[in-house]
Amino acid sequence: MSTAVAVVGAGGRMGRMLVDTILRDEEAYLVAAADRGEQLLGQDAGELAGIGALGVEISANLEAVVAAADVVIDFSLPQATVEVAAACRQHKCPLVLGTTGLAAGQSEAVAELSQHNAVVHAANYSTGITLLTALVEQAAQAVGAQSDIEIIEAHHRHKVDAPSGTALRLGEAVAKELGRDLGQCAVYGREGHTGERDSKTIGFETIRAGDIVGEHTVMFAGQGERIELTHKASSRSTFAVGALRAAHWVIGQPAGLYDMRDVLGLSC
Ligand SMILES: NC(=O)C1=CN([C@@H]2O[C@H](COP(=O)(O)OP(=O)(O)OC[C@H]3O[C@@H](n4cnc5c(N)ncnc54)[C@H](O)[C@@H]3O)[C@@H](O)[C@H]2O)C=CC1
Ligand SMILES: O=C(O)C1=N[C@H](C(=O)O)C[C@H](O)C1
């Protein structure tokens, strides 16, 4: 039985890649597509994705889009999150959420939804970042206490949130291993007379330039040596393939909030 997938944010960079990826999957089909871009409404989602007409028009009616789906994949923007969560709750539809830069209230709406629906929320759906996160946890355990730890991320010039959700997730993983509170120890960018570096901080540096798809480095700088663990995405297809894998996985799962480790069977 083929899975009916709805995409929210279908007119965006990730939305168009998701439409293409769904078309290539014999076990899934695009049943509905939502977006709010005025110039996108009524356009065929397949034509927008550059793969030819699919007969699925971009709609602003989120409730109708969700009602048609076995699973929703949302890679829109934070302002959509509360409405998407409400529509998924109304239609008991599982959700695969990729949007980053959520404010507290939007994250709370996702957590509340996960009390009733199965939800996968990952800042990065690539397999490589899931692996990098595990390697970073190992490195933090081994050398984190005696290292200065910096997280450097680079993305395309169009990205509107910083640091990236992936960088923040990597920072959370390091902080947890070291028994630190990221909210207290994070330093975002540096300028002016900063004084000597506090060894308990975790630094974040952000690059926004060109068409960089998504690059993350976690640096453990010690005395006489440093370790750098890096992931570089070369195509958005890695995120879309991971998100569609999550969409197949989440159907039938009990209510809860999951991430890519659960989808890949790596959660301990
Ligand atoms: N988790 C992951 O693996 C990845 C996450 N992302 C995240 O996905 C999000 C989208 O990234 P891009 O596609 O590059 O952005 P984009 O700006 O190209 O696309 C976002 C789309 O959402 C639409 N949108 C905005 N508000 C909406 C609403 N209320 N209802 C429906 N559609 C709405 C916009 O019109 C736009 O077409 C960002 O938060 C980004 O950080 C991006 C790549 C990978
Ligand atoms: O906006 C993007 O493009 C990406 N955003 C995600 C993030 O904020 O971590 C994931 C990926 O790096 C691409």
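A short reminder: the numbers here are calculations on the coordinates, not readings from a lab. Predicted, not measured: the structure shown is a model, and the values here were computed from it. Using ideal geometry, Cβ is built from the backbone for each residue, glycine included, and neighbour counts are taken over all protein chains shown.
Candidates F239, V213, V250 compared by Cα position along the dipole of segment 205-256: farthest toward the positive end lies V250, with charges placed on Cβ.
Taking label positions 7 Å along the Cα-Cβ direction at both L135 and Q79, the computed distance is 3.8 nm, reported to one decimal. Evaluated with a Cβ-only charge set (Lys, Arg +1; Asp, Glu -1), segment 1-158 carries a dipole of roughly 60 debye about its Cα centre, given to the nearest 20. One decimal place: the segment E47-V187 gains 46.1 nm when fully extended, by the rule 0.36 nm per residue minus the C-alpha distance. Net charge of the neighbourhood of S237, taken over other residues with C-beta under 13 Å away and scored Lys/Arg +1, Asp/Glu -1, is +3.
Label positions at Q90 and E57, each projected 7 Å from the Cα along the C-beta direction, are separated by 2.0 nm.
Positive contributions from Lys and Arg (+1) and negative ones from Asp and Glu (-1), summed over other residues with Cβ under 10 Å from the Cβ of A49, come out at -2. Seen from L23, the other residues with C-beta closer than 14 Å to its C-beta sum to a net charge of -4, counting Lys and Arg as +1 and Asp and Glu as -1. Applying 0.36 nm per residue to the separation of S234 and K200 and subtracting their alpha-carbon distance, the gain on full extension is 8.9 nm. Dipole of segment 127-233, Cα-centred, from +1 at each Lys and Arg C-beta and -1 at each Asp and Glu C-beta, to the nearest 20 debye? Rounded to the nearest 20 debye, it is 180 debye.
The alpha-carbon positions of the chain define a convex hull whose volume is 138 Å³ per residue. Along each principal axis, taking the top coordinate minus the bottom one, the Cα set of segment 127-233 gives 37, 36, 27 Å in descending order. Across the chain, the mean sequence separation of Cα contacts (distance under 8 Å, 6 or more residues apart), normalised by length, yields a relative contact order of 20 percent. When the Cα positions of G98, G15, G189 are compared along the charge dipole of the chain, G189 comes out farthest toward the positive end, with charges on each C-beta of Lys, Arg, Asp and Glu. Subtracting the Cα-Cα distance of H116 and R208 from their residue separation scaled by 0.36 nm leaves 29.4 nm.
Here's the picture: a label point sits 7 Å out from the Cα of M1 along the beta-carbon direction, and within segment 81-115 the residues with their amide nitrogen under 20 Å of it are 88-96.
Residues Y125, Y258 in ascending order of nearby Cβ atoms (within 10 Å, fewest first): Y258, Y125. Note on the chain: with a GNM built from Cα contacts shorter than 10 Å, the maximum mean-square fluctuation among A67, A103, A233 falls on A103. A simple spin-label model places pseudo-atoms 7 Å from Cα toward Cβ; at E26 and D161 they are separated by 3.6 nm.
Rounded to the nearest 10 degrees, the angle from helix 104-113 to the longest Cα principal axis of the chain is 50 degrees. Cα centroid separation, segment 1-78 to segment 185-249: 30 Å.
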